[in-house]
Structure formats: structure tokens, C-alpha cells
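This report concerns only the one structure given below.
The values are calculated or read from the model by the stated rules, or taken from the named source; none is laboratory data. Model, not experiment: these values are computed from the prediction. Cβ placement follows ideal geometry from the backbone for every residue including glycine, while neighbour counts extend to all protein chains displayed.
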Amino acid sequence: MKKLELILFLTLTAMFLFSVPALQAKEDTPKDMNKEAYFLIRQARKALYQKEDRVAYDNFIKAREVYEELSRKYPEWQAASIQTKIEQCRKESDEIGRRIFRIPDGYIEVKRDMVREGNRYDKGRIDAAKVKKIGDNQYEVGGNTVTLVKDGPLTGALCSCPDYSYRGRKFGFACRHIWAVVFKEKL
């Protein structure tokens, strides 16, 4: 008899829990996600005002991630506005990141507007097929080793070839091997 009462009690409890909407897991709506990202941006701006760059950087990154998730889950919901907010968060976090993060000496920064000096860019595009990954952030290209380092939004590259050692490091030019890794890894 006690087993029957226990089963009846558990069944009624389960029915009650599943019938009460407030106790059920609720999926975020686009408005909730937008609101969450909005408040993260407000916190980031407040942190900037208080000269807390790292907190601001982290909040802009979190806000961008929330907007990107919102864009994936609900692609039709205010699409143009959400894309603008994603770009705004990316721009803000990159600006702050350039102030608080540093690439080690000897590395050049891998970025969109890298100098395409000489024919290294074209040769790197051809060599991209020959890139072999030999470590976490190391690649072999034509017998030379390219090492990448990432710090915040910054990515730096270093190559063991003579061209990079004598000219690239001095003038900030990427050698063909660095260009090959950039193309291979879609940096």
C-alpha cells in the first residue's frame, strides 16, 4: 500500500511541475537576448568611464557573443540592426584590446591591412597548399617555421626564414611563409 501511495504522490508531483509554466525551462526570446546584450554594453561603457579597460573589453566580447547567438537563432529578427551591433561591439573591443594587449618583440601583427610588399603576397598564396601544422601555433612552410601568437584581439607571426629575419622584422613585412599561413588559416 505504501508503494502505491508513493507512486501516486510522485505522479501527481510530476504532473504539477510540468503543468506550471513558471517552473519549466524557458528559452530566451530575441527580446531577452537583445536586452542582455544591451546591459552588457552599458556595463562596458561604465567600465570605460571608470578606466577599467579589461572589464570593458570582456563585456563588449560577451555582448558580441550574445548578438551573434541571437543572429543564429533568430536570423529574421531585426537582422540589419543586430549586424550593426555585432560590428560595433567588435570595433569597440578591438580598440580597447589594442591598448591593453601586446604582441611580443620580434613578431609582426597579422591584420587586415598588412603591407603587401614585393611579390611575397602572391608567392604566399601559392605556398598556402604546402603549409603543414607541426604544433599548436607552429607551421612548416618550405623548410621554415612560422609561429603564431595570440593575445586578446591581436595575432602576431614570426618566421625562421632569412627574408623575415633581415627585412621583415625590421620593416614589419610579412614573408611569403607568413602569408602562406595567413591564407591557409584564413587569418
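Out of everything in segment 109-136 that is free of Cβ contacts under 8 Å to residues at least 24 places away in the same chain and assigned to a strand (DSSP E or B), what residue ends up being surrounded by the most Cβ atoms within 10 Å (Cβ to Cβ)?
Ranking the candidates gives Lys133 first.
When only residues in segment 137-187 that are in contact with a Cys (Cβ under 7 Å, 6 or more places away or on another chain) and either without any contact (Cβ under 8 Å) to a residue 12 or more places away in the chain or assigned to a loop (DSSP other than H, G, I, E, B) (or both) count, which is surrounded by the fewest Cβ atoms within 10 Å (Cβ to Cβ)?
Cys161
Could you please give the count of residues in segment 71-86 that are over 16 Å from the mean Cα position of the chain (by Cα) and either at negative phi or free of Cβ contacts under 8 Å to residues at least 24 places away in the same chain (or both)?
The number of residues fulfilling the criteria is 10.
Could you please tell me which pairs satisfy a Cβ distance under 7 Å, a separation of 6+ or placement on different chains, a first residue in segment 30-46 that is within 16 Å of Gln83 (Cβ to Cβ), and a second residue that is among the aromatic types (Phe, Trp, Tyr) and outside any helix (DSSP H, G or I)?
Pro30/Tyr74; Pro30/Trp77
Any idea which of Gly143, Gly156, Gly135 is at pLDDT 80 or above and either touching a Phe, Trp or Tyr at 6+ places or on another chain (Cβ under 6 Å) or in the same structural domain as Asp94 (by TED's automatic domain parsing) (or both)?
Result: Gly156 is the single residue among Gly143, Gly156, Gly135 that is at pLDDT 80 or above and either touching a Phe, Trp or Tyr at 6+ places or on another chain (Cβ under 6 Å) or in the same structural domain as Asp94 (by TED's automatic domain parsing) (or both).
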